Structure formats: C-alpha cells, structure tokens
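The values are calculated or read from the model by the stated rules, or taken from the named source; none is laboratory data. Just so it is clear, the model here is predicted, and its values are computed rather than measured. In this analysis, Cβ positions are derived from the backbone assuming ideal geometry, glycine residues included, and neighbour counts consider all displayed protein chains. For the accessible areas, the whole protein counts, side chains as well, though only heavy atoms, and no ligand, DNA or RNA atoms are used. Shrake-Rupley method; radii C 1.70, N 1.55, O 1.52, S 1.80 Å.
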Amino acid sequence: MRGPRLAVLMLCAMFVGLWTAHARAAPLEQAVKASFLFKFAPFVEWPDNGAGAGKPFTICVVGEDPFGATLDEVVRGQRISGRSVNVRRLGDSGNAAGCQMLFAGRSSSAGYAPFAAVAGQPVLTVSDQKSGVQGSMIQFVMQAGRVRFQIDEGAARSNGLVISSKLLGLAISVERK
Amino acid sequence: MKMRVGSPVRPASLKAWIKQLMATPLAAAIIALLLLLAGVVFTLQVDRIGRTEKLRQASVQAQILASGIAAPLAFGDEATLREYLEALRADPQIIAVGAYDATGRFVAGYNVVPTRLPDHGRLAEPAMTARDLTVTAAVVQGGTRLGTVYLRATLDSWQRRATRYAGLAAIVLMASLLIATLGASYASLHEAHARLQEETASRQQAEEALRQSQKMEALGQLTGGVAHDFNNLLMVASGSLDLMDRTDDPARLDRLKAGIRHAVDRGAKLTQQLLAFSRRSPLKAEVVDLGDRIRGMDTLLDRLTTNGISLKTSIASNLWPVEIDPSELEVALLNVVINARDAMPQGGLVTISAENLPGDGGAPDQVRIAISDTGTGIPPDVLDRIFEPFFTTKGAGHGTGLGLSQVYGFVRASGGDIQVESVPGQGTRITLLLPRSTLSPIRSQPEQPVVEAASKRRILLVEDNDTVAEMVGGMLDEIGYEQERAASGDEALVRLEQGANFALVLSDMIMPGKLNGLDLVHEIGRRWPRMPAVLMTGFSEASISARGEGIPLLTKPFSIQSLSAQINDTLSRS
Ligand SMILES: Nc1ncnc2c1ncn2[C@@H]1O[C@H](COP(=O)(O)OP(=O)(O)O)[C@@H](O)[C@H]1O
Ligand SMILES: [Mg+2]
C-alpha cells in the first residue's frame, strides 16, 4: 500500500475506533477530527462563492491548536471547489478576517469569546465539546468511542451558510431552531 | 415473354423483366435468404441496443450510489454506507459493488463469489465483456473528490439471450420457408401457365388455318359456276353493246342499257361476296339479323342451283337478332346447301327457311334455320357419323368430310344446337338452332339517294386509269362538283403546291410513281392537315390498313350514290 501515513491513521480510526479512556491526548482522535474538519467544506455552501475564486480556502484555528501538523497534512495538495486550502493559526485573539472556517480550541485567557468577531458573517464555526467552547455551528462529540458531530443548522442558516442534507443526515443531532 | 434486343428498357418491359425474375425459384431463394439475413441483423442490432441500455442503466445506478454515499464515506459512517450498498443486493444482476475513499482504499462493498472486487478504487471507462459489465463513478461533493464507486453486473448469458430471440427466429425462419415454397410453386405454375398459353396460341393458329381451308374448300365448290356465270354476264354486256350500235330505237336502247346495268351489278355483287367470303378474318361474334345475312348470300347460293336444282328461301319477318360470326354462318350455310346439292344428282328442291322459335318451359328463345332437300337421304347407319371430321361417303377427290364438322363447330361455338332428320330416298332436313340475343343488330345501310353538292367546290381527282377517271369525273360533274384530274400521286402534289383551291382530294389506291394513294394521303395530312381526302380502292390489304387509320374509303365498284354520300360526309366533317 502506497498511501501516506494519514491513511494508516484513518484506517485505524475507522475500523478500530477510539476506545482509550484518556482520549484527550489521543493522536488518532485528533487526526480523525482534522480530517473531518477539512471534509465539512464540500458539504457546505458559502454565499458569493465566486468572490473568493483564486484566493485560497482558509481554515483558521483560534486558541489552542489540538491538531498540530496533522491538519496541515490533511489539507496538503487538496482543493475545495477548485481553491487551494490554507491553514491559519490565529492564536488567542487573532484577526479572523478572510477565514471560511473557524475552529476554536480551548483557551486559558479570560473572556475568551472566539466566535464574537465573526458573528453574522458567513464563516463555518467548529468546536469540540471536550474543550468546553460553546456557540459553534458544528461541534465534535464522542459517541461509542467514535468521533461524531452535532450541527446547529439554524445558526449556520442565519449566517448565510447552507449545510447539505447529506451532512445533516449524518449528524447525531441537528438544532434547527 | 422475351425482351427485345436493342430496344431501351421501357417501363412495360422492365415490369415484365421483374415479373420474369420473380418467377424463378432462385429469386424466391434469394428473397428468403435476404429475409433471414435481415432477421439476423435485426436481432444483433436489438441485442446490441439492449447491452448499451444495460450499460447506461448500470452507470446511472453507480452514479446514484456515489451521490448517496458521499457523506457516510467522507465521515466514516460505515453502518450507513453498508445500508446503501446492501440495498443493491435486491438486484441479482449486480454481482459486485465497492466503495473506495479518496485515496483509492477499499472502504466497504460486497461481491458474489467468484467475482472479486479490485483492491484499489480508481475511475475507469465502462467495460463490457460477453458475460458482464463494469462501471465506476466518482463520489464528488461540492467539487471535491471523496472517493469512487465500483459496480459490476452480469449480462444475460448467450443461451438466455438466444432463447429470448428464439421466437423471432422461428417466425423469420418460417416466413423464409414459406416464401421459398411459394416462390418455387409460383415458378412452376408460371412455367405451366406459359406452356399452356403457348399451346393455346398454337391451337388457335391451327383452328384459324382449318377454318380458312374450310372456307376455301367451300369456295372451291363454287368456282366452276362462278367462271361460267361471269362468262354469261360478259356475254350479256358485250352482246348488248353490239346491239346498241345497231339500233336507234330509244325504247330498245333503254332496255339494252338496263340489261347491261343488271349484268354489271350482278357481277360486282358476286365479286364482292367472293372477296368478302375468302377474306381471312378472326373469329368475331356480331349481333346480326339472320334474314339480312341469308338474303345477302343470294348470288353465292345461286351458283349452286344448276342441273335442275331450284332454291327457295322463306324467311320470316322480324327475326330475332342472334350473336354469331357472320362469315362462319355463311360458310356453314354453304356447306349444308352444297351437301343438299350433292344429294340431288337428278335435281330437286332446296328450301331454306328461318323463323323465330319462342322458348317454353324455361327453354330459351331461339331462331331456327332449316335447310331441307329432296335428295337421297342419309342411311340410318351413318346418321350419327356425319358430323365426324373427315367422314365422307363421296369418295376420294369428291368429299373431304369437313363440311358438317364445320357446321357443328359453328353452331356449338354460337351456343346453339343442330338437328338432322332424314328419310332415305325422300330427303334430309338439317336444322340449326341459334340462341336469341338481347342486343340489337348492326343494320347494314339502306340505299341512299344522291347527295347533291351543297356548293360548287373543286375536287382533285387522282386516278391513273383514263376510263375510270373519266367515269368518276362524270359522276362528280353529275353530283355538282368541279373537278380536276391528276394522273399520279406525284402530279397531285404538284397541283396542291400550286395552290389551286381544292376542297377535297379523291384518290385511287394503286398508282404508278413514287406515291401510292395511302402515301399521298399521309403526305397531305402532313403538309395540309386541313385538306380532307377520300381513297378509292378495290379489295386489298392496303384498304384494311387505310380503314384502320380512319381514312374515308370507297370500295370499287361504287355507285354515284355512295360517292356523293362519302364526299358530302367527309366535307361536312372537316
Ligand atoms: N343433305 C344430305 N343428304 C344426304 N347425305 C348427306 C347430306 N348431308 C350430308 N350427308 C352425308 O354426310 C357426309 C358428310 O358430309 P360433309 O361433312 O359435308 O362431308 P362431304 O360433303 O365432304 O362428304 C356426306 O358424305 C354425306 O354422306
Ligand atoms: Mg359436304
């Protein structure tokens, strides 16, 4: 098999699942999440898609980055609607301008409100239930040792994003409001 | 049917050619073969279309699957993925399905042994083998390739497809066989028909020849008398002329003139009847008045009444019309009367009678002609043989035995009957019964008066014989036309070119020079199409063709009455 290391990781993630109790630092779980993060994009429609043509599709990570190099590896050489994919790390309070997707990791800084800056803007916000960050459109959840997600479809819609019913069908819960 | 060599293929002969072609067993075999071939081509075509359709179906199935499994494949939801794939198991023809992720790694799928799934998923062109087909589809979402789908389906086996087309094949085969059989039988029928036609034609020819020889035979019986009669007529004419030179008594002159007139009339009539009688004519039934016909034969029948034989005719008035061939009737009557004459070497009486015989008790109306003689009679032992061809009691050189067989043939062909009554030593009566026709007869024209010329018009008379020219010229003067004579067809053309104002051309048929009468009429028709022309002719083949072309014709000798009527007719028609 000539696939990259990632493929090996994913194979493990899918067939074996994550069953370690102390999953927090489990590299497999993070690898799956990184892969999912990238794969959300095809199932979401951004408004005025044509405007961003030519510019790279940007996935931003705010707060603590749980993925590390894994995410860079996932997006390497990939394209979303013909655009190359770029990962930007904003730190605790970076400028989220130009991001199409914003993942918020945990943060120790006081008054941490990662999504405030993009409220009302067509940016797909993602977070992890474990990190305690609230208010994202898509949230990773662990279920029976597998990485799953729940979706706040109402929030996405009010920000001008359309999430494919295929993706909604796979979510463990959908908030429609 | 034969094609004429050298002539272009006209539609009619093309049709004939096709018909001839159709009539060969080879053509039938070719048609049957073509039908078979068409059946095979059609089947292959339907099969090919069926397979292409199958391929399209499989492609669509793969595409639907690819679209459905996009999310489960992307997010590793194997349970959902399997659900999608298992749904395809309902289709027994799908023998392998696989889902592969973006890197080509196998994720899920199933296969029916012995079919195997490829280890690695990649897009490929649809492929079709004799037994199965393979299609692939990309799993694409939002422009991003998420994986591929692989689908393999069986095609119907060769045997299964063959059974599907077996019905069609049977029908085509049967149709081919039918065509071949029909073609063969049609060909043999056609051949038999052609042979039959040939036979009929040659038999008709033989019958035609027989009839003609029967006529000539009857005529032969007359010739001696005819020559004798002509001598008498000439004797009367020349004698009267001699006497006319020696007398000035107008009353006597008138009587002599009338005598000549009478002799010439009789001669002309006799010649007419002989010519008409001996003419070769196809068997042709006409509706006729028997009385007219029998009366019209008087001069011929008179030839037979020599040596103490007298002839009496009693014809009832208002005879019903009958439909017969007039010339055959004449031959038949002559044959019977000749037999009567032969039966009375010491002289006697021949009676010809004709009357209506109304049918009763469902029997049809008939006209009866009875010919009785006071001759030797027919002995009972030969009575039922007399109608046999070649049966004669008259000895070699005298009888042919064909006379009564002709009479019998004529009567049967006319739908009639014949009866013989004979008392040896007392005489014989032959009765012809002919069925009444519901049509009315074509009347012969009654004698017309001279039609005087309506105005002084010029007629160009073309005639080489001076005497005839003088005579006809005199007639024209008498009727009231101006006339100018040309001695030949060539001379006539010169006169016409000079433009003398002629109203009509009256021309003889046979003339010296380049043009005969018919040629002249043709030439006139070409150059002066409005100029009417009348031909004068004795009986000849040429006159038949002139009549066929519709050219007005005067048969020599003609009377001043018929000349005036013909000219008046022709002028008023043009
Ligand atoms: N009117 C008649 N009287 C006596 N015998 C006749 C009469 N008509 C016909 N026959 C007999 O019938 C035979 C056949 O006649 P036909 O067929 O005309 O042949 P042909 O006259 O040449 O002998 C004659 O030979 C004759 O014996
Ligand atoms: Mg005879």
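Hey, could you check the range B:345-386 for residues that are touching a Phe, Trp or Tyr at 6+ places or on another chain (Cβ under 7 Å) and charged (D, E, K, R) and say which is nearest to ligand 1 (Cβ to nearest atom)?
Among those residues, the one meeting the criterion is B:Arg385.
Filter the range B:377-406 down to residues that are within 13 Å of ligand 2 (Cβ to nearest atom), part of a loop (DSSP other than H, G, I, E, B) and not β-branched (Val, Ile, Thr), then give me how many there are.
11
Within the group B:Gly409, B:Gly425, B:Gly415, which residue is within 16 Å of ligand 1 (Cβ to nearest atom), assigned to a loop (DSSP other than H, G, I, E, B) and either free of Cβ contacts under 8 Å to residues at least 24 places away in the same chain or within 30 Å of B:Gly375 (Cα to Cα) (or both)?
Exactly one of B:Gly409, B:Gly425, B:Gly415 is within 16 Å of ligand 1 (Cβ to nearest atom), assigned to a loop (DSSP other than H, G, I, E, B) and either free of Cβ contacts under 8 Å to residues at least 24 places away in the same chain or within 30 Å of B:Gly375 (Cα to Cα) (or both), namely B:Gly425.
Based on this model, can you work out whether B:Thr52 counts as of a type in the set (Val, Ile, Thr) and within 14 Å of another protein chain (Cβ to nearest Cβ)?
no
Could you please find all residues in the range A:142-152 being crowded, with 21+ Cβ neighbours inside 10 Å and of a type in the set (D, E, K, R)?
Passing the criteria: only A:Asp152.
If you take the residues in the range B:336-365 that are within 16 Å of ligand 2 (Cβ to nearest atom) and open to solvent by 10 Å² or more (accessible area, probe 1.4 Å), which one is nearest to the other protein chains (Cβ to nearest Cβ)?
If we take residues in the range B:336-365 being within 16 Å of ligand 2 (Cβ to nearest atom) and open to solvent by 10 Å² or more (accessible area, probe 1.4 Å), then B:Asn339 is nearest to the other protein chains (Cβ to nearest Cβ).
Go through the residues of the range B:149-165 one by one and say whether even a single one is among the aromatic types (Phe, Trp, Tyr) and open to solvent by less than 80 Å² (accessible area, probe 1.4 Å).
Yes, because at least one residue in the range B:149-165 is among the aromatic types (Phe, Trp, Tyr) and open to solvent by less than 80 Å² (accessible area, probe 1.4 Å).
Determine, yes or no, whether B:Phe75 is farther than 19 Å from A:Lys166 by Cα, within 14 Å of chain A (Cβ to nearest Cβ) and among the hydrophobic types (A, V, I, L, M, F, W, C).
Considered against the rule, which asks whether it is farther than 19 Å from A:Lys166 by Cα, within 14 Å of chain A (Cβ to nearest Cβ) and among the hydrophobic types (A, V, I, L, M, F, W, C), B:Phe75 comes out as no.
For the range B:67-95, what are the residues that are in contact with a Ser or Thr (Cβ under 6 Å, 6 or more places away or on another chain) and either closer than 15 Å to B:Ala137 by Cα or touching a residue at least 40 places away in the same chain (Cβ under 8 Å) (or both)?
B:Gln93, B:Ile95
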